[in-house]
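Have a look at the structure below before the remarks.
The values are calculated or read from the model by the stated rules, or taken from the named source; none is laboratory data. This structure is a prediction, so every number in the text was calculated from the model and none was measured. Counting neighbours? That spans all protein chains shown, and the Cβs are built from the backbone with ideal geometry, glycine included. With ligands, DNA and RNA removed, areas are computed over all heavy atoms of the protein, side chains included. Shrake-Rupley method; radii C 1.70, N 1.55, O 1.52, S 1.80 Å.
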Amino acid sequence: LKPIRPANAADRWENRALHAFKGGSGEVFEFFEAAHVYKYMAPLPVKKACLKCHAAQGYRLGDIRGGISVTIPAGEYLAANEAFKRNLWFIHGLALILGGAGCCLFIFFQGRHTHEQIRLREEMQAEKTRLLDRHNRELEERVKARTYELQTMREKLFVTLQSIGEGVVTTDTAGRITFINAIVEKLTGWKQAEALDQPMDTVFPLIDTSRGQPSDCPIDRILASGEIIDLADNTSLVARDGRRIEIEYSGAPIFIKQSEVIGVVLIVRDVTEKHRTQAELLKIKKLKSVGVLAGGIAHDFNNILTAILGNINLAGMHLPPDSKAAPRLEKAEKASFR
């Protein structure tokens, strides 16, 4: 900016670069398309050796004294750059073509692989479906057979319970009716459809005949003990119409496989006729005893009266016909025969 030799004066571009150096910038580089040249300028700081000549100009150590400017023809570099660009475009194009071809091949083989995988999965799924269908059919057949067996067993059990000569009552653990057979229907006057889910005390009220008081429901006793129990004597069932029927019954808990109690079953017998027959037999037995006693007494009286009659006859034989005692003996004889 302050040249000693005028030939070293800076042109406009160099002048702008030197001011940039004073502002703290580093190297300056620029391409001039019209002139096809590159311009480069580097700052030239003041060193100790420079002060011999330039100290008079006011420079201090480290100040920017000037710069070194280089102008380079750009034709060769531009041609090389164009060749590099063409090569770069060719490489990119080739990479794009190869990449596209690779992608196409990858997509093609991946598609074939995917299609094969889908086909294999479909075949496996079809095989699984066939196996599942076969297992389902087998299970359905087994379920149908088992259901038929259970239905058959239930029907047999139902027919058996309806056909036996004793009443059958089943309840759940809450004491609610789950089944009664025809005998119980006849005894209580309740139909099964009406009795289902009814409390045991409602359908099957019991009376202690000896006390004339309601009897405790045996369901709780059976569930508490978990054992078979027999009802005590002197128990009567109060039917729906108010009739009292003398009964006997036994009860037992109903278990499932895990030994869990799920209810109670009662076997009921109407013993009214039995008790009546027993009473008649007892009466006959008593009458027979009285008859035996009466026969013994009659036999004893007969023996005594025979002796009396014999003595009356003998006494009459010793009396004259006109004796006053003769009529008396005759009356005594007649009374003895009576």
- Query: In segment 195-204, what residues are open to solvent by 40 Å² or more (accessible area, probe 1.4 Å) and part of a loop (DSSP other than H, G, I, E, B)?
  - Reply: Leu196, Asp197, Gln198
- Somewhere in segment 167-179, is a residue farther than 24 Å from Phe255 by Cα and not basic (Lys, Arg)? no
- Query: Are any of the residues in segment 205-216 under 29 Å from Thr178 (Cα atoms) and touching a Cys at 6+ places or on another chain (Cβ under 8 Å)?
  - Reply: yes
- In segment 76-92, is there at least one residue being open to solvent by 70 Å² or more (accessible area, probe 1.4 Å) and among the β-branched types (Val, Ile, Thr)? yes
- Message: Name the residue that is nearest to the chain's Cα centre (by Cα), counting only residues in segment 291-338 that are open to solvent by 90 Å² or more (accessible area, probe 1.4 Å) and of a type in the set (Val, Ile, Thr).
- Response: Val292
- Query: Would a scan of segment 235-254 turn up a residue that is open to solvent by 60 Å² or more (accessible area, probe 1.4 Å) and either of a type in the set (S, T, N, Q) or closer than 18 Å to Thr170 by Cα (or both)?
  - Reply: no
- Among the residues of segment 173-194, count how many are buried (at least 18 other Cβ atoms within 10 Å of the Cβ), in a helix (DSSP H, G or I) and under 30 Å from the mean Cα position of the chain (by Cα). 0
- Query: Among the residues of segment 49-66, is there at least one that is out of contact with any Lys or Arg (no Cβ under 9 Å at 6 or more places or on another chain), open to solvent by 60 Å² or more (accessible area, probe 1.4 Å), part of a loop (DSSP other than H, G, I, E, B) and over 30 Å from Tyr77 (Cα atoms)?
  - Reply: yes
- Note on the structure: Within segment 5-40, of all residues that are under 23 Å from Gly75 (Cβ atoms) and exposed (fewer than 11 other Cβ atoms within 10 Å of the Cβ), the one modelled with the highest pLDDT is Asp11
- May I ask you to list the residues in segment 244-295 that are free of Cβ contacts under 8 Å to residues at least 24 places away in the same chain and in contact with a helix residue (DSSP H, G or I) (Cβ under 9 Å, 6 or more places away or on another chain)? Glu248
- Message: I'd like to know if segment 153-161 contains one or more residues that are of a type in the set (Lys, Arg), closer than 28 Å to Arg269 by Cα, out of contact with any strand residue (DSSP E or B) (no Cβ under 9 Å at 6 or more places or on another chain) and in a helix (DSSP H, G or I).
- Response: yes
- Out of segment 271-290, which residues are of a type in the set (Ser, Thr, Tyr) and within 18 Å of Glu248 (Cβ to Cβ)? Thr272, Thr277
